[in-house]
Structure formats: structure tokens, C-alpha cells
Amino acid sequence: MVAHDAVVLAGGTGRRMGGVLKPQVAVHGRRLLDHVLDATAGARRVVVVAPGTVPVPDGVIRTLEDPPHGGPVAGIAAGVRALGEPAPLVLLLACDLPGAAAAVPRLLATVRDGTGADGVVLRDAEGREQWLLGVYSSGALRSRIDVLATSGRLRGGSVRELVRPLDLRTVDARGGEARDVDTWEDRDAIAP
């Protein structure tokens, strides 16, 4: 197993779902967050970036960007900081990807096979990289966070800006691994 920690982003506003706590939305009888936490099973430590209103299991570290609702880059920065001294690799996940657990072993295997890259991310059927379903070098990720923090671009920053300079490899998604749940229609399309 490749030594890694995990950061799960679960602090969004759920605006397109009427403001519900998205991590709490049920898919196949379980919370979205629980599906994604399945993908962290081999992680040394797990951080969930979420408000206190989102229950997290024992042993999972909770944090939140300060001030809240700073966007995904601010959430990633808060999650990585909460790890203290992270493992060599950090698995980044969004809480709205219920199929993530099926993809993570392939991402870790690609890293283990020695890509020499800064990370490996899932690529969906349309050819888009899913940056919030990827494994990153903790050093490269922390370096980019520092650059954006120094220039005041963490809050409201885009994940694209965070990862654009990194050398990333891709692994093609299978089935519904890259399907995210942004709306009730998305949820209904995968719920039984």
C-alpha cells in the first residue's frame, strides 16, 4: 500500500440542491460522505473539511477553512494544514462523488508504479480531469498552496489554478466513478 493521507471536501453550500448539507444527502441508503469515506479506507489519516453540523466518524479529523465558505482551494489548504506533517501522498476527494472508492485503488496503483509525476487524477468519459478525485504529492500540493496563500488567492481560488502547474497523470474512469451529485436530478439518476 502507498503511504497516503486523505482530505475530503464536504463544506460547500449545496446551493444547486436548495441549500441542503450535501454530505448528508442519501444515495443508495447511505450519506454521500459515507460513500466517499469508503475511498479513504487505506489512508493513514483522514481529514473532512466540513462544518460541525456534518457528523464525522470517530478517528476522522474535522476542520474548516477560516472564514467558512472560502471555496474548494481554501478548504484544501485547511485540510492539508490539519494533517500537520502529511504522508508523502494526499488523496483529495469531493464529498459528492459516491463512486470514488472504486477508482482510488487504480489511482494509488498508478502512483505506486512510479509515474514521477506530481499526482494522478481520474479523467471522466468526456476527457475532463477530476481534480477532486486524485492523489497528489504532498510536497507539490503544499508548495502550490503556499504560492496561492502568499498572493492572497486561496479564498475563492479555483482548483484549476491550484493544480495547473503540476505534472499530473490521468486514469480513465470506469462506470459511474466520476459521476458527481450536484443536483437532485443527479442524485435521482443514480439512486435506486
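Things worth noting here:
- Per-residue Cβ neighbour counts within 10 Å put Thr183, Thr40 in the sequence Thr183, Thr40, beginning with the fewest.
- Interchain or long-range residues, amide H under 5 Å from Ala39's placed H: Ala101
- Among Asp66, Asp58, Asp167, residue whose mean-square fluctuation peaks in a GNM of the chain (springs only between Cα atoms under 10 Å): Asp58
- Fewest-first sequence of Ser143, Ser151, Ser138 by Cβ atoms within 10 Å of each Cβ: Ser151, Ser143, Ser138
- Around the amide H of Cys95, modelled in the peptide plane, lie the amide H atoms of Leu9, all under 5 Å away and 5 or more residues distant in sequence or on another chain.
- Candidates Val47, Val147, Val90, ranked by Gaussian network fluctuation over the chain, Cα under 10 Å, top entry: Val147
- Applied to the stretch 89-99, the Karplus parametrisation 6.51 cos²θ - 1.76 cosθ + 1.60 on θ = phi - 60° returns per-residue 3J(HN,Hα) values of 10, 10, 8, 9, 9, 8, 6, 9, 10, x, x Hz, with x for Gly and Pro.
- Taking amide H positions as modeled 1.01 Å from N, with prolines and chain starts lacking one, the residues under 5 Å from His4 and 5 or more places away or on another chain are Arg44.
- Counting beta carbons within 10 Å around each of Leu64, Leu166 and listing the fewest first gives the order Leu166, Leu64.
- Share, in percent, of DSSP beta bridges within the chain that are antiparallel, nearest 5: 40
- Taken one residue at a time, the phi angles of the stretch 157-163 give Karplus couplings (6.51, -1.76, 1.60, θ = phi - 60°) of x, 9, 5, 4, 5, 4, 9 Hz. Gly and Pro are set to x.
- Relative contact order [Cα under 8 Å, 6+ residues apart], the chain, whole percent: 26
Taken together, the values in this text are just the output of simple stated rules run on the coordinates, not laboratory data. Since we're looking at a predicted model, the values are computed, not measured. Note: ideal-geometry Cβ built from the backbone for every residue, glycine included; neighbour counts use all protein chains shown.
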